[in-house]
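Before any comments, here is the structure.
The values are calculated or read from the model by the stated rules, or taken from the named source; none is laboratory data. Bear in mind that the values here come from a model prediction, so they are computed numbers and not experimental data. Cβ: placed from backbone, ideal geometry, glycine included. Neighbour counts: every protein chain shown. Accessible surface areas use protein heavy atoms only, side chains included; no ligands, DNA or RNA. Shrake-Rupley method; radii C 1.70, N 1.55, O 1.52, S 1.80 Å.
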Amino acid sequence: MRTLYVVTHPEATHHVEGLVGGWYDSHLTPAGLRAAGAVARELRSRVPADAEVELYSSDLHRTRETAEAIAALFHVKPRLDPRLREKSYGAAGGRPQEWLDRRFVPPPPVGERMDHDEGVPGAETKLVWARRLYAATDAVLASPCAHQIVVTHGGSLTFVVASWLRIPLASAGYAVFRAPAGSITTLHEDDYFHNRQLAALGDTAHPAGPDDAADGPGRTRV
């Protein structure tokens with residue numbers, strides 16, 4: 001059986017400062033660093049001591065710091081992949097949340113949702129965002145390792161899970177999998193049917209930070 005653990009980074013400085021995250025390169029807060037340690041210990045308790053483990057992470061500071069806490073217990077080196085970053089909010093990254101809220105154009109209920117222009121200069125469309133997360137997940141799954149850990153962001157979690165479940169990109173415009181900051185989502189694939197299971201979404205049976213699952217105005221500090 002293959003098990004993929006998807007970790008959302010814990011509380012970061014932009015959370016407490018009320019800023020838009022995205023590609024803005026914030027760090028974990030002291031509380032976030034403690035939560036990263038708790039996530040690492042929880043993962044260590046779930047994976048057999050003699051098992052080979054691969055660790056992948058977004059290259060932004062808040063995810064790298066989370067991955068480093070995990071790496072210290074598993075004695076592995078994180079493989080940094082910028083494709084695992086959060087959505088780029090372009091000119092809104094690092095600005096006050098209300099700056100984005102005033103400009104954000106929500107997607108239509110029907111019609112083109114993936115390539116929709118949200119009205120923020122330089123921001124990624126959902127289609128561009130999803131494509132790179134799908135590619136990053138494919139790269140992780142190209143390895144036969146049975147125990148893998150991916151450290152990413154609350155918004156990007158949706159497309160890691162959607163890729164795992166082989167949801168076509170054209171159908172991903174309505175998909176959302178919400179999980180708190182500092183959470184663990186567990187994905188299983190069995191060895192017989194090779195069915196893929198979303199076994200647990202956003203597990204927080206350990207200290208975690210504020211909600212980090214966001215992709216729209218008022219919910220983008222990821």
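Details
- Global size of the chain as Cα Rg and Dmax, reported in angstrom: 16.6, 52
- Viscosity 0.692 mPa s, 37 °C: Kirkwood-radius Stokes-Einstein D of the range 93-208 over Cα pairs, µm²/s: 206 µm²/s
- Hydrodynamic radius of the range 1-121 by the Kirkwood approach over all distinct alpha-carbon pairs: 16.1 Å.
- Lys, Arg +1 and Asp, Glu -1 on Cβ, resulting dipole of the chain about Cα centre, debye, nearest 20: 100 debye
- A crude spin-label estimate for the pair Tyr174 and Ser143, with each label 7 Å from Cα along the Cβ direction, gives 3.5 nm.
- Expressed as a whole percent, the accessible area of the chain that falls on carbon and sulfur atoms is 55 (1.4 Å probe).
- Computed from backbone phi, the HN-Hα couplings of the range 28-34 come to 5, 6, x, 5, x, 5, 5 Hz, rounded to whole numbers (Karplus: 6.51 cos²θ - 1.76 cosθ + 1.60, θ = phi - 60°; Gly and Pro given as x).
- Helix axis angle, 154-164 relative to the chain longest principal axis, alpha carbon, degrees: 60 degrees
- Prolate/oblate/rounded label for the range 95-163 (Cα gyration tensor, a/c 1.5): prolate
- For the listed peptides 105-113, 90-98, a ranking on the average number of other beta carbons within 10 Å per residue, highest first, reads 90-98, 105-113.
- Length-normalised contact order for the range 1-133 - Cα pairs under 8 Å, 6+ apart - percent: 25 percent
- Dipole of the chain, positive direction: furthest Cα of Pro168, Ile70, Ala146, with charges on the beta-carbon: Pro168
- The range 47-99: C-alpha gyration tensor shape, a/c 1.5 cut-off, then a/b vs b/c: prolate
- Nearest 10 degrees, 0 to 90: helix 126-141 Cα axis against the chain principal axis: 10 degrees
- When only Cα pairs below 8 angstrom with a gap of at least 6 residues are kept, the chain shows a relative contact order of 32 percent.
- Between Val105 and Ala205, the simple label model (points 7 Å from Cα in the Cβ direction) yields a spacing of 4.6 nm.
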